[in-house]
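Structure first, commentary second.
The values are calculated or read from the model by the stated rules, or taken from the named source; none is laboratory data. The model shown is predicted, which means the values in this text are computed figures rather than measured ones. Cβ coordinates were reconstructed from backbone atoms using ideal geometry, including for glycine residues, and neighbour counts include every protein chain displayed. Just so you know, the surface numbers come from the protein's heavy atoms only, side chains and all, with ligands and any DNA or RNA stripped out. Shrake-Rupley method; radii C 1.70, N 1.55, O 1.52, S 1.80 Å.
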Amino acid sequence: MKASLAIAVCLVAVSLVAAAPQKQYTSKFDNVNVDDVLGNDRVLNNYLKCLMEKGPCTPEGRELKRLLPDALQSECSKCTEVQRRNSEKVINFLRSHRAGEWKLLLDKYDSKGIYRAKHDAAQKKQH
């Protein structure tokens, strides 16, 4: 349910950085301060450009871009609790403050709207 945006979330949160062969993604980047990333246009823009293949990627950005499709497809089933929280935070921020970039990310990573619909339905159930 939170998969479609766990993607965008992870994008900035860089939480999904490296897939572990176990049941969860690595927690190696769970201590990234997502608020600092969201509050720094330069850093946020670099992650967005990386995800959209319009700029270079840091190692974390490359891992995020690689894992994003899996996170969406699996509805973030391999995410840690921190990654789920950060994903929601990033998604909400992008929706509210960077709607244009959010739409571009959705178009790229969820072009059929499958994960978007699941996430929206889950959000409605919570409210």
Next on the checklist: Report every pair of residues separated by at least 6 positions or lying on different chains whose Cβ atoms are under 7 Å apart, first residue within the stretch 33-53 and free of Cβ contacts under 8 Å to residues at least 24 places away in the same chain, second open to solvent by less than 70 Å² (accessible area, probe 1.4 Å).
Outcome noted: Val43/Val37; Asn46/Gly55; Lys49/Gly55; Cys50/Cys57; Cys50/Gly61; Cys50/Lys65
Next on the checklist: Here are the criteria: (1) modelled with pLDDT under 95; (2) part of a helix (DSSP H, G or I); (3) open to solvent by less than 60 Å² (accessible area, probe 1.4 Å). Tell me which single one Arg66 does not satisfy.
Outcome noted: (3)
Next on the checklist: Can you say whether Cys50 is on the phi > 0 side of the Ramachandran plot, buried (at least 18 other Cβ atoms within 10 Å of the Cβ) and within 15 Å of the chain's Cα centre (by Cα), as far as the supplied structure shows?
Outcome noted: no
Item to check | Qualifying residues in the stretch 92-124 (those that are at pLDDT below 90 and under 13 Å from the mean Cα position of the chain (by Cα)) - the one least open to solvent (accessible area, probe 1.4 Å) | outcome: His119
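Kindly evaluate Cys79 against the criterion of being crowded, with 19+ Cβ neighbours inside 10 Å and modelled with pLDDT of 95 or more.
Working: crowded, with 19+ Cβ neighbours inside 10 Å: yes; modelled with pLDDT of 95 or more: no.
So Cys79 does not fit the description; no.
Being in contact with a Ser or Thr (Cβ under 9 Å, 6 or more places away or on another chain), farther than 23 Å from Arg116 by Cβ and open to solvent by 30 Å² or more (accessible area, probe 1.4 Å) is the requirement here; does Asn31 meet it? Break it down stepwise before answering.
Values: in contact with a Ser or Thr (Cβ under 9 Å, 6 or more places away or on another chain): no; farther than 23 Å from Arg116 by Cβ: yes; open to solvent by 30 Å² or more (accessible area, probe 1.4 Å): yes.
It is false that Asn31 is in contact with a Ser or Thr (Cβ under 9 Å, 6 or more places away or on another chain), farther than 23 Å from Arg116 by Cβ and open to solvent by 30 Å² or more (accessible area, probe 1.4 Å).
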